[in-house]
2 protein chains.
Amino acid sequence: MLKGILDGCILSIIQEGEIYGYELAEKLQGYGFHSFSEGTIYPLLLRMQKENLVTTTLKKSTAGPKRKYYSLTTKGEEELEQFKLRWEEISLAVNNVMNKGGH
Amino acid sequence: MLKGILDGCILSIIQEGEIYGYELAEKLQGYGFHSFSEGTIYPLLLRMQKENLVTTTLKKSTAGPKRKYYSLTTKGEEELEQFKLRWEEISLAVNNVMNKGGH
DNA sequence: ACATATACCTTGTAATGCAAGATATACAGT
DNA sequence: ACTGTATATCTTGCATTACAAGGTATATGT
């Protein structure tokens, strides 16, 4: 049902502007997602690249190996729009269920 | 991240009143969940029973085999409360991400 | 006797999420 | 030069979840 919810969130963050994985992981925490390790995020980014939702460019880091910056493709933007619609449907449905049972 | 979201929704529906699996499946559709087959719901109900979140009583049906009615246990009610909190956190976080990118 | 609707369960598979660990680069302190 | 620390990416292996598909069983109407 909610498969791809993380995908959607990541697409949305990338849409704000080019970003690399490590930074993205930190940003997710800032938005209130506590539970995402890099072991979750990196495989997901690789998958999205494979599906042509994002493109990457390597850039030097000030301290560490090269950063892999991600940007949305047109297909990625479309996917994001679809995700937004899906999220509205789902969150509405869950809120429906929740608010019936009690105050 | 959203593992157990269906669990929470089902707990919430059961809290409204005793209900059996087949009816629950139909009710979920009514709330706007399109994609849940019985192959998803029944195993989940059995698991929740095993975890002592729900209890069951069998009752005659007007047309078909006996219905298995589910009710919440105290533990199930606690689980539901926790889920509600978790859902608020998560939906807030996702909405944060979504609305930044510009609607 | 047969079809249909109801009702529950099992099997097998794919996707997802995560911990843990492997690899690699750069800089700062000693 | 050596060591530790922070940065940065990727891989492996496992557990959970979601789902389609199929299987079993009961009651009613014709």
Revision key, fill the gap. Inter-copy distances for B:GLY17, nm, shortest first, label points 7 Å along Cα→Cβ, are 5.5
**Study point:** Radius 15 Å from Cβ of B:THR74, net charge of other residues (Lys, Arg +1; Asp, Glu -1)
**Key:** -4
Check your understanding: What pairs from A:LYS27/A:LYS66; A:LYS50/B:LYS50; A:LYS50/B:LYS27; A:LYS50/A:LYS84; A:LYS50/B:LYS84 go past 29 Å between their alpha carbons?
Key -> A:LYS50/B:LYS50; A:LYS50/B:LYS27; A:LYS50/B:LYS84
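For the stretch B:5-97, which whole percent of the accessible surface, found with a 1.4 angstrom probe, sits on carbon and sulfur atoms?
Values: 2590 of 5120 Å².
After summing per-atom areas, the C and S share lands at 51 percent.
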Review point. Using a label position 7 Å from Cα in the Cα→Cβ direction, what is the ascending list of nm distances from A:ARG86 to the same site in the other copies?
Key: 2.1
Practice item. List the chymotrypsin sites (Phe, Trp or Tyr not before Pro) within the stretch B:1-59 that fall in a DSSP loop (any state other than H, G, I, E or B) and whose Cβ has at most 12 other Cβ atoms within 10 Å. Key: none
Practice item. For B:THR56, place a label point 7 Å out from Cα along the Cα→Cβ vector, do the same in each other copy, and report the separations in nm, one decimal, smallest first. Key: 4.7
Practice item. Can you figure out the FRET efficiency of B:GLU88 with B:THR40, using R₀ = 25 Å and their beta-carbon distance, to the nearest 0.05? Key: 0.55
Study note, to complete from the structure: Toy charge model, Lys and Arg Cβ at +1, Asp and Glu Cβ at -1: the stretch A:5-100 dipole around Cα centroid in debye, rounded to 20, equals 380
Point to revise | Calculated from backbone phi, Karplus (6.51, -1.76, 1.60) coupling profile of the stretch A:79-92 in Hz, x at Gly/Pro | key: 4, 4, 4, 4, 4, 4, 5, 4, 5, 4, 4, 5, 5, 4
Revision key, fill the gap. Accessible-area loss of at least 30 Å² (1.4 Å probe, chain alone to full protein assembly) applies in the stretch A:10-24 to A:SER12, A:GLU16
Exercise for review: State the extension gain, in nm to one decimal, for the chain segment bounded by B:GLU16 and B:GLU77, taking 0.36 nm per residue of separation less the distance between their alpha-carbons.
Suggested key: 20.8 nm
Check your understanding: What percent do you get for the relative contact order of the stretch B:5-97 when only Cα pairs under 8 Å and 6+ apart count?
Key -> 33
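Please compute how much accessible surface disappears when A pairs with B, both sides summed, using a 1.4 Å probe, and round it to the nearest 100 Å². It would help to have the intermediate numbers written out before the result.
Working: alone 7150 and 7170 Å², together 11800 Å².
When A and B are taken together, about 2500 Å² of accessible area is lost.
Restricting to DSSP H runs of at least four residues, report the calculated mean residue ellipticity at 222 nm for the protein assembly as shown, -39500 (n - 2.57) per run over all residues, nearest 500 deg cm²/dmol.
On the way: 8 runs with 126 residues, N = 206.
Helix-only estimate at 222 nm: -20000 deg cm²/dmol.
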Review point. Hey, if you put +1 on the Cβ of every Lys and Arg and -1 on every Asp and Glu Cβ in the protein assembly as shown, which of A:ASN52, B:ILE90, A:SER71 ends up farthest toward the positive end of that dipole?
Key: A:ASN52
Practice item. Quick one: grab the alpha carbon gyration tensor of chain A, order the square roots of its eigenvalues as a ≥ b ≥ c, and give me rounded if a/c is under 1.5, else prolate or oblate depending on whether a/b is larger than b/c. Key: prolate
Review point. Once both axes come from the Cα atoms, what is the angle between helix B:21-31 and the longest principal axis of chain B, in degrees from 0 to 90, rounded to 10?
Key: 30
Review point. How about the stretch B:32-78: which trypsin sites (Lys or Arg not before Pro) there lie in a loop by DSSP and see at most 10 other Cβ atoms within 10 Å?
Key: B:LYS60
Study note, to complete from the structure: Residues from the stretch B:79-99 losing no less than 40 square angstrom of accessible surface in the full protein assembly compared with the chain alone, 1.4 angstrom probe, ligands and nucleic acids excluded, are B:LYS84, B:TRP87, B:ALA93, B:VAL94, B:VAL97, B:MET98
Study note, to complete from the structure: For chain B, the longest principal axis of the Cα atoms and the Cα long axis of helix B:38-50 enclose an angle in degrees, to the nearest 10, of 80
Study note, to complete from the structure: Residue-normalised value, i.e. accessible area per residue, for the protein assembly as shown at 1.4 Å probe, in Å², stands at 57
Review point. Taking a spot 7 Å from the Cα of B:ASN96 along the direction of its beta carbon, which residues of the stretch A:16-33 have an amide N less than 11 Å from it?
Key: A:27-33
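The values are calculated or read from the model by the stated rules, or taken from the named source; none is laboratory data. Since we're looking at a predicted model, the values are computed, not measured. As a convention, Cβ positions derive from the backbone with ideal geometry for all residues, glycine included, and neighbour counts pool all protein chains shown. Just the protein is used for accessible areas: all its heavy atoms, side chains included, with ligands, DNA and RNA removed. Shrake-Rupley method; radii C 1.70, N 1.55, O 1.52, S 1.80 Å.
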